[in-house]
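The values are calculated or read from the model by the stated rules, or taken from the named source; none is laboratory data. Source: prediction; values computed, not measured. Heads up, the Cβs are rebuilt from the backbone with ideal geometry, glycines too, and the neighbour counts pull from every protein chain shown.
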Amino acid sequence: MNPGQKIIVIGSGIGGLVSALVLAKHGYKVQVLEKNHQIGGSLQVFSRDRKVFDTGVHYVGGLDKGENLYRIFKYLGIYDDLKMKRLDEHAFDIIRLANGKTVSHGIGYQNFTEQLKASFPENAGDIDQIVHEIQIYCTYFPLYNIELESEINYVEHTEVLEVGAWEHLASLTDNEDLIKVILGSGPLYAGIKGVTPFYVVALILNSFIKGSYRFINGGSQIAKLLKKKISENGGEVLKRKEVTGANFSESGTIESVICSDGSEFSCDFVISNLHPKETINLLGRERFKTAYTNRVNALPNTIASFMVYLSLHENTLPYFNSNYYDYFTDNIWNEEFHFSEDWPQMTFTSAQVSKNTKEYAESVSVMCYLDFNEFKTWEDSVRTIVKEGTREEAYEAFKKACEERILARLEERFPGIRSKVKNCYSSTPVTYRDYVSTPNGSMYGIQKDFKHTHKTQINTKTHIPNLFLTGQNIIFHGILGATIGALVTSFNFVNNKQVIEKIKMYD
Ligand SMILES: Cc1cc2nc3c(=O)[nH]c(=O)nc-3n(C[C@H](O)[C@H](O)[C@H](O)COP(=O)(O)OP(=O)(O)OC[C@H]3O[C@@H](n4cnc5c(N)ncnc54)[C@H](O)[C@@H]3O)c2cc1C
């Protein structure tokens, strides 16, 4: 592998863009091919009524000075141009359980611990122990701490991967409400009892405790800035280029990729930002070992979501600088994913930060879990800006029914909200499937399972010698997770020590 060689990146999600930029900075000729009209994958935004709505990123952690994502974004050269708003120091997240108990998560461990102790004074000792465990688990992941090696690490101590989140907390406290409050932001990783590992909770919660931010006028600015830097380093990001296949050499390497419009891009290497299952479908099952294909296809993916986007009348709802996780069932982490009578049993509500007004919320997004199978009738239809398919009235009617249910739940959080809503828009699991191509519209890709850790680990290398993988399925999901995953992908091409040393300069 030599600088100057040509690398095609399929997909412009954060993982694809960060991989491309690191490689472009090291002299590789990169071209990113994106099927949509807009780059960024889940970083995409859309606008209605002159308001911007985020589709897949509502807040991001690890962005306080000196923290992991801050340092990586500094190294990538995008941090200084990001327009962000730090969330409420005392309540970046507010968790309300079905019994009405409401507890805030604060930024910084002191705040975080104090908020918990104020709500559960009788469990002060348990809280200290839980917070300690969260921090200890984070030390097992060197790259997360911008290191290549550490004395204790998950490779040598695989037992840290094999601990269930709910189960571990239950061993540290008898107070079930305390467990529910700590795991209340579980929709950030689609937490499930008996499945989700404790390390996932530790890495994600820790990153948000270390600086949670919203993006003013949307997270798409991250993708735009990455694209700008890729161009400055001689690379290209092309939109409306849906990769549909590849030409292979006799020895089985990819010589070029082919797009739906007939265009062809020659390459020395390919990096796929797609879910591994989609990558296999795209390049041909026969190119991969059967055991690998079977394993990838059998892996469960995280649940999909139904999103409601509310465009509000001017100056009606004061801006709230927190995210609300409201539960309507005691069965948290085991909620109903189907459209039952009680759906939705959890709502995640976030306000968009606008550059127009600081005092009022212009728009609000609400996310709920929903199983793709509820929309199975429309599985075969595709509708995006590039592929203008249609869906019949029944689809719109079902969407309206879902919206109504969510608005009814929202009334409990914001009484009178309906009168403040100018227009209500929504997206379904099929919308996500169409726009980002995750299987069944899965939010975060492959579901991590503490009982099957090795099965859910996806290597960046594949059986096709010049094909590599990146994106949320590599290390973990989220902007931080997919960014770290992209570094791992780039280490197949560039000197990892050099990159880490450069990132470490930004403290
Ligand atoms: C509803 C929702 C809310 C979320 N909230 C947050 C949050 O608040 N904070 C946070 O950190 N994370 C959040 N996430 C997770 C985060 O957005 C994702 O983990 C991350 O953006 C995934 O990045 P990725 O690199 O895997 O690529 P993706 O975003 O999955 O992008 C893949 C790209 O590949 C393109 N593509 C697919 N097929 C082809 C093809 N054949 N040819 C060319 N291009 C193709 C797609 O169009 C897409 O642009 C959320 C996700 C969802 C769905």
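Tabulated values for the structure
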| read-out | value |
| --- | --- |
| Given (1) over 24 Å from the mean Cα position of the chain (by Cα); (2) at negative phi; (3) not in a helix (DSSP H, G or I), number of the condition H338 does not satisfy | (1) |
| Condition broken by D330, with the remaining ones in (1) out of contact with any helix residue (DSSP H, G or I) (no Cβ under 9 Å at 6 or more places or on another chain); (2) among the acidic types (D, E); (3) more than 15 Å from the ligand (Cβ to nearest atom); (4) farther than 30 Å from N217 by Cβ satisfied | (1) |
| Checking E314 against (1) closer than 30 Å to K355 by Cα; (2) surrounded by fewer than 19 Cβ atoms within 10 Å (Cβ to Cβ); (3) at pLDDT 95 or above, the condition it does not meet | (3) |
| Single unsatisfied condition, T456 versus (1) in contact with a strand residue (DSSP E or B) (Cβ under 8 Å, 6 or more places away or on another chain); (2) over 30 Å from F493 (Cβ atoms); (3) surrounded by 13 or more Cβ atoms within 10 Å (Cβ to Cβ) | (2) |
| Matching entry among S256, S340, S350, S266 (being surrounded by fewer than 18 Cβ atoms within 10 Å (Cβ to Cβ), within 16 Å of the ligand (Cβ to nearest atom) and outside the structural domain of Y189 (by TED's automatic domain parsing)) | S256 |
| Given (1) surrounded by fewer than 17 Cβ atoms within 10 Å (Cβ to Cβ); (2) away from the ligand (no atom under 16 Å from the Cβ), number of the condition R405 does not satisfy | (1) |
| Hey, G234 surrounded by fewer than 18 Cβ atoms within 10 Å (Cβ to Cβ) and at pLDDT 95 or above or not | yes |
| Checking Q457 against (1) away from the ligand (no atom under 13 Å from the Cβ); (2) touching a residue at least 24 places away in the same chain (Cβ under 8 Å); (3) within 19 Å of the chain's Cα centre (by Cα), the condition it does not meet | (2) |
| Test: residue in the range 147-169 that is over 24 Å from L299 (Cβ atoms), within 21 Å of the chain's Cα centre (by Cα) and in contact (Cβ under 8 Å) with a residue 24 or more places away in the chain | no |
| Some residue of the range 353-372 being hydroxyl-bearing (S, T, Y) and part of a helix (DSSP H, G or I) | no |
| Subset of the range 374-397 (residues that are in contact (Cβ under 8 Å) with a residue 40 or more places away in the chain and under 28 Å from F328 (Cα atoms)) | E374, F375 |
| Residues located in the range 1-51, provided they are crowded, with 24+ Cβ neighbours inside 10 Å and aromatic (F, W, Y) | Y28 |
